[in-house]
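The values are calculated or read from the model by the stated rules, or taken from the named source; none is laboratory data. Quick caveat: nothing in here was measured; it's all calculated off a predicted structure. Cβ coordinates were reconstructed from backbone atoms using ideal geometry, including for glycine residues, and neighbour counts include every protein chain displayed. The protein model used for the area step is the full one, side chains on, heavy atoms only, and it has no ligands, DNA or RNA in it. Shrake-Rupley method; radii C 1.70, N 1.55, O 1.52, S 1.80 Å.
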Number of protein chains: 2
Amino acid sequence: MIRLKSEVVLPQPYLLFLGDTTEPGYAKTAFGLRDWAGDRCLGEYACDGASVTTGLPFLTPEEAAASGAEALVIGVANAGGFIPPGWIPALLRAMEAGLDLVGGMHARLRDIEPLREAAQRLGRRLIDVREPPAGIPVASGRRRSGKRLLTVGTDCALGKKYTALALAREFTSRGVDATFRATGQTGILIAGGGIPMDAVVADFAAGAAEMLTPDADPAHWDVIEGQGSLFHPAYAGVSLSLLHGSQPDVIVVCHEPGRDATLGYPDYSLPGIQDTIDLTLALGRRTQPNIRCAGVSLNTARMDAASAERLIETEAGRLGCPVADPLRGGPALERLVDACLA
Amino acid sequence: MIRLKSEVVLPQPYLLFLGDTTEPGYAKTAFGLRDWAGDRCLGEYACDGASVTTGLPFLTPEEAAASGAEALVIGVANAGGFIPPGWIPALLRAMEAGLDLVGGMHARLRDIEPLREAAQRLGRRLIDVREPPAGIPVASGRRRSGKRLLTVGTDCALGKKYTALALAREFTSRGVDATFRATGQTGILIAGGGIPMDAVVADFAAGAAEMLTPDADPAHWDVIEGQGSLFHPAYAGVSLSLLHGSQPDVIVVCHEPGRDATLGYPDYSLPGIQDTIDLTLALGRRTQPNIRCAGVSLNTARMDAASAERLIETEAGRLGCPVADPLRGGPALERLVDACLA
């Protein structure tokens with residue numbers, strides 16, 4: 001499997017919590033854990049009103065605890081990163097049932113009085129994976145040894161993490177020494193380590209990306225989970241800090257066909273793939289003059305196999321570079337991996 | 001004078017502290033206070049080894065206190081934003097003499113044990129102006145009423161704050177309703193309010209810029225202090241967040257003639273002025289489609305008047321837009337202000 005850095009030891013297996021979420025785009029943590037740490041996820045739990053499901057069995061906290069679960073993981077996010085009051089009873093019930101809580105939102109679990117009180121009373125742990133490590137430096141801009149690949153996107157929540165995980169797995173299966181580098185809460189939950197880029201103070205964000213991808217063997221690849229989009233009206237600064245600090249040799253641009261507007265920002269149309277390649281290379285050259293685009297990753301999860309294959313072929317012709325859906329595999333993925341390692 | 005927002009009441013007048021600084025670029029807080037709040041600065045104080053001076057009289061903390069000073073302001077920064085151990089004795093002496101401490105660095109005064117202990121013992125205040133306000137939202141991307149001008153730069157520490165202050169003063173002197181919006185510690189010390197952009201968590205940085213420049217009368221101008229540079233290997237993400245969140249109608253590009261490399265990053269050559277205009281407009285258009293560049297501000301402080309005037313004229317011809325050094329005034333500045341308000 002993928003070589004992962006393990007700085008954090010989290011209580012496992014998990015029960016995934018879906019809140020009252022009706023928008024699948026906000027449940028990417030739960031989907032990511034199902035797909036990449038499925039052997040450590042016993043089931044899902046949600047409030048009344050939730051319509052999103054991971055497909056895992058629905059378990060009450062009591063059932064999950066009886067099956068061996070050690071923690072309830074908050075598997076959904078919302079735009080503000082807070083925990084709505086309506087979720088509190090479910091979280092308290094999980095603690096009463098014997099589960100620790102693991103969260104990755106901006107709001108810290110221990111800052112919520114009823115949760116802190118219950119944790120103390122019951123002897124449960126409140127674990128926030130979105131807390132950056134101490135001692136992050138200002139970026140130095142110094143070039144580092146080893147190879148780096150960064151996934152970038154036309155928007156949030158469309159496959160940058162999955163693409164990085166899949167490419168790291170493909171690299172490893174070819175005998176290439178590769179490390180998946182997590183930059184968001186789900187990736188950290190999957191990898192067991194990383195830096196939550198979006199929680200770092202802005203002045204240190206590029207420095208955090210440098211810290212995450214240190215000097216390495218010249219043949220080693222860091223495969224870095226991208227964040228946000230250079231075109232995003234709220235998060236572009238995070239994306240640029242990550243691009244500058246990670247100094248990628250190679251980028252792979254991620255896109256979801258059919259998405260026309262920025263998630264949660266209907267007035268902001270999505271940039272084109274070629275525009276995203278061009279802007280990323282133009283900005284990335286500042287800290288990595290040899291940056292190149294190896295190809296494009298399309299998230300075709302909502303398409304049937306034949307349509308996806310046709311689109312992948314059409315886009316490869318139009319853009320003049322390898323295009324693949326890494327989760328579908330096949331020769332298209334082989335060509336994308338060839339181009340990454342070329 | 002300039003209409004300033006006053007959310008913070010700081011103890012004044014000040015004694016300016018210069019640490020052991022030998023690089024004038026790191027003393028911009030002290031210079032800013034001398035130039036824009038000079039009536040509230042009684043003098044300067046420094047450790048042995050400092051070579052930078054504001055030109056204000058050197059006063060010991062005891063002399064300053066006897067003259068009515070209420071606070072020692074740390075008027076220098078360094079790349080890491082920390083307080084070197086060598087400064088502590090001077091800071092303790094100031095507190096012993098009766099002064100509060102005001103700081104704007106990343107390291108918080110109250111996190112330094114000897115300072116906290118002395119403050120408690122002596123009844124002094126430790127005031128950190130670099131603490132962002134609570135409740136900063138994620139950026140909405142929504143367009144707001146009123147006009148906005150943002151100063152941007154080819155680098156840090158070359159005149160973005162001074163340009164914004166000077167333009168706000170010129171706007172006001174023409175009867176235009178204008179507010180200087182501070183985004184860094186010195187600007188906040190001068191203005192008495194603002195948001196320290198570089199201390200905001202990265203995900204909320206664009207939201208902070210939106211919060212700083214809210215809906216206003218259609219004829220009102222926010223004149224916003226820029227931060228960093230879109231080409232800076234450590235701080236470009238901050239600059240992009242500020243650009244996207246402030247949605248400026250107008251930018252003014254700031255540059256220091258003769259500076260060839262990024263301050264503190266000798267391997268990073270400075271971008272050209274035209275490159276900076278082009279990139280800022282290209283990226284700024286994402287949240288403000290009507291963004292335009294009104295002109296260029298040159299920091300000619302190290303040049304004689306005749307050379308500065310010649311350069312300003314040459315650059316205006318080369319770039320095809322108004323160019324001025326706002327601190328020299330004259331017809332060039334009038335033309336730049338005309339273009340801003342056009």
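Which condition from (1) open to solvent by 80 Å² or more (accessible area, probe 1.4 Å); (2) part of a helix (DSSP H, G or I) is the one that B:Arg328 breaks?
(2)
Out of all the residues in the range B:214-232, which are over 22 Å from B:Cys321 (Cβ atoms) and crowded, with 24+ Cβ neighbours inside 10 Å?
B:Gln227, B:Gly228, B:His232 - these are the residues of the range B:214-232 that are over 22 Å from B:Cys321 (Cβ atoms) and crowded, with 24+ Cβ neighbours inside 10 Å.
Note down all Cβ pairs under 7 Å where the first residue falls in the range B:180-209 and is more than 22 Å from B:Leu101 (Cα to Cα), the second is among the polar types (S, T, N, Q), and they're at least six residues apart or on different chains.
Between residues of the range B:180-209 that are more than 22 Å from B:Leu101 (Cα to Cα) and residues that are among the polar types (S, T, N, Q), the close pairs are B:Arg181/B:Thr213; B:Ala202/A:Ser241; B:Ala205/B:Ser241; B:Ala206/B:Ser241; B:Ala209/B:Ser241; B:Ala209/B:Ser246.
Would you pick out the residues in the range A:286-298 that are away from chain B (no Cβ under 14 Å) and open to solvent by 40 Å² or more (accessible area, probe 1.4 Å)?
Correct list: A:Asn290, A:Arg292.
With the requirement that a residue be buried (at least 24 other Cβ atoms within 10 Å of the Cβ) and among the β-branched types (Val, Ile, Thr), what does the range B:155-176 give you?
B:Thr163
Can you tell me which residue in the range A:10-40 is modelled with the lowest pLDDT, limited to those that are open to solvent by less than 10 Å² (accessible area, probe 1.4 Å) and aromatic (Phe, Trp, Tyr)? Outline the logic, then answer.
Step one: list which residues in the range A:10-40 are open to solvent by less than 10 Å² (accessible area, probe 1.4 Å), which gives A:11, A:14-19, A:27, A:29-30, A:32-33, A:37.
Still in the list and also aromatic (Phe, Trp, Tyr): A:14, A:17.
Working: A:Tyr14: 94, A:Phe17: 97.
The residue in question is A:Tyr14.
Please indicate, with yes or no, whether at least one residue in the range B:58-68 is in contact with a helix residue (DSSP H, G or I) (Cβ under 9 Å, 6 or more places away or on another chain) and closer than 25 Å to B:Ser246 by Cβ.
no
Looking for whichever is open to solvent by 10 Å² or more (accessible area, probe 1.4 Å), in contact with a Lys or Arg (Cβ under 8 Å, 6 or more places away or on another chain), farther than 15 Å from B:Arg130 by Cα and not hydroxyl-bearing (Ser, Thr, Tyr) here; the options are B:Leu92, B:Leu56. Which one fits?
Numbers: B:Leu92 fails: in contact with a Lys or Arg (Cβ under 8 Å, 6 or more places away or on another chain).
Every option except B:Leu56 fails the conditions.
So how many residues does the range A:313-329 have that are on the phi < 0 side of the Ramachandran plot and either under 23 Å from the mean Cα position of the chain (by Cα) or not assigned by TED's automatic domain parsing to the domain that holds A:Gly159 (or both)? Give the steps one after another, and end with the answer.
Taking the range A:313-329 and keeping what is on the phi < 0 side of the Ramachandran plot, we get A:313-319, A:321-328.
With the extra rule that they be either under 23 Å from the mean Cα position of the chain (by Cα) or not assigned by TED's automatic domain parsing to the domain that holds A:Gly159 (or both), the set shrinks to A:322-328.
Total satisfying the criteria: 7.
What about A:Ser229, is it small (Gly, Ala, Ser) and either in contact with a strand residue (DSSP E or B) (Cβ under 9 Å, 6 or more places away or on another chain) or over 18 Å from B:Leu243 (Cα atoms) (or both)? If you could, list the steps in order and put the result at the bottom.
Numbers: small (Gly, Ala, Ser): yes; either in contact with a strand residue (DSSP E or B) (Cβ under 9 Å, 6 or more places away or on another chain) or over 18 Å from B:Leu243 (Cα atoms) (or both): yes.
So A:Ser229 fits the description; yes.
Are any residues in the range B:199-217 out of contact with any Pro (no Cβ under 9 Å at 6 or more places or on another chain), more than 7 Å from chain A (Cβ to nearest Cβ) and of a type in the set (Asp, Glu), and if so, which ones?
Correct list: B:Asp215, B:Asp217.
Just need a number here: residues in the range B:133-159 that are more than 13 Å from every other protein chain (Cβ to nearest Cβ), closer than 25 Å to B:Ala30 by Cβ and of a type in the set (S, T, N, Q).
Residues in the range B:133-159 being more than 13 Å from every other protein chain (Cβ to nearest Cβ), closer than 25 Å to B:Ala30 by Cβ and of a type in the set (S, T, N, Q): 1 in total.
May I ask you to list pairs of residues, at least six apart or on different chains, whose Cβ atoms are under 6 Å apart, with the first in the range B:104-124 being within 14 Å of chain A (Cβ to nearest Cβ) and the second being of a type in the set (S, T, N, Q)?
B:Gly104/B:Gln185
Which number in (1) more than 14 Å from chain B (Cβ to nearest Cβ); (2) among the polar types (S, T, N, Q); (3) open to solvent by 10 Å² or more (accessible area, probe 1.4 Å) marks the one condition that A:Thr179 misses?
(3)
Hey, among B:Arg143, B:Arg110, which residue is farther than 30 Å from B:Ala339 by Cβ and open to solvent by 30 Å² or more (accessible area, probe 1.4 Å)?
Just a single option satisfies the conditions, and that option is B:Arg110.
Being at pLDDT below 95, away from chain A (no Cβ under 11 Å) and in a helix (DSSP H, G or I) is true for just one of B:Gly193, B:Gly187. Which residue is that? Walk me through it before giving the result.
Details: B:Gly193 fails: in a helix (DSSP H, G or I).
On inspection, the qualifying residue turns out to be B:Gly187.
So, B:Pro257, is that one more than 22 Å from B:Lys147 (Cβ to Cβ) and more than 8 Å from every other protein chain (Cβ to nearest Cβ) or not?
Values: more than 22 Å from B:Lys147 (Cβ to Cβ): yes; more than 8 Å from every other protein chain (Cβ to nearest Cβ): yes.
Against the criterion (more than 22 Å from B:Lys147 (Cβ to Cβ) and more than 8 Å from every other protein chain (Cβ to nearest Cβ)), B:Pro257 qualifies.
Provide a single number: the residues in the range A:240-272 that are in contact with a strand residue (DSSP E or B) (Cβ under 8 Å, 6 or more places away or on another chain) and open to solvent by less than 10 Å² (accessible area, probe 1.4 Å).
We begin by selecting, within the range A:240-272, every residue in contact with a strand residue (DSSP E or B) (Cβ under 8 Å, 6 or more places away or on another chain); these are A:242-243, A:246-257, A:260-262, A:267-270.
Filter once more, so that each one left must be open to solvent by less than 10 Å² (accessible area, probe 1.4 Å): A:242-243, A:246-248, A:250-254, A:262.
Of the residues in that region, 11 qualify.
Does the range A:275-285 include one or more residues that are surrounded by 21 or more Cβ atoms within 10 Å (Cβ to Cβ), under 30 Å from B:Arg142 (Cβ atoms) and small (Gly, Ala, Ser)?
Checked the range A:275-285: at least one residue is surrounded by 21 or more Cβ atoms within 10 Å (Cβ to Cβ), under 30 Å from B:Arg142 (Cβ atoms) and small (Gly, Ala, Ser).
Of the numbered conditions (1) free of Cβ contacts under 8 Å to residues at least 40 places away in the same chain; (2) in contact with a helix residue (DSSP H, G or I) (Cβ under 8 Å, 6 or more places away or on another chain), A:Ile291 satisfies every one except a single condition; which is it?
Here A:Ile291 clears every test but (1).
What tally of residues in the range B:218-250 results from selecting those that are within 12 Å of chain A (Cβ to nearest Cβ), in contact (Cβ under 8 Å) with a residue 40 or more places away in the chain and either in contact with a His (Cβ under 9 Å, 6 or more places away or on another chain) or among the aromatic types (Phe, Trp, Tyr) (or both)?
Here the count works out to 6.
Condition test on A:Thr186, is it β-branched (Val, Ile, Thr), within 13 Å of the chain's Cα centre (by Cα) and open to solvent by less than 10 Å² (accessible area, probe 1.4 Å)? Walk me through it before giving the result.
Values: β-branched (Val, Ile, Thr): yes; within 13 Å of the chain's Cα centre (by Cα): yes; open to solvent by less than 10 Å² (accessible area, probe 1.4 Å): yes.
The answer is yes for A:Thr186.
Given the criteria out of contact with any Ser or Thr (no Cβ under 9 Å at 6 or more places or on another chain), touching a residue at least 40 places away in the same chain (Cβ under 8 Å) and not in a loop (DSSP other than H, G, I, E, B), does A:Leu165 qualify? Talk me through it step by step, then tell me what you get.
Values: out of contact with any Ser or Thr (no Cβ under 9 Å at 6 or more places or on another chain): yes; touching a residue at least 40 places away in the same chain (Cβ under 8 Å): yes; not in a loop (DSSP other than H, G, I, E, B): yes.
In short, yes.
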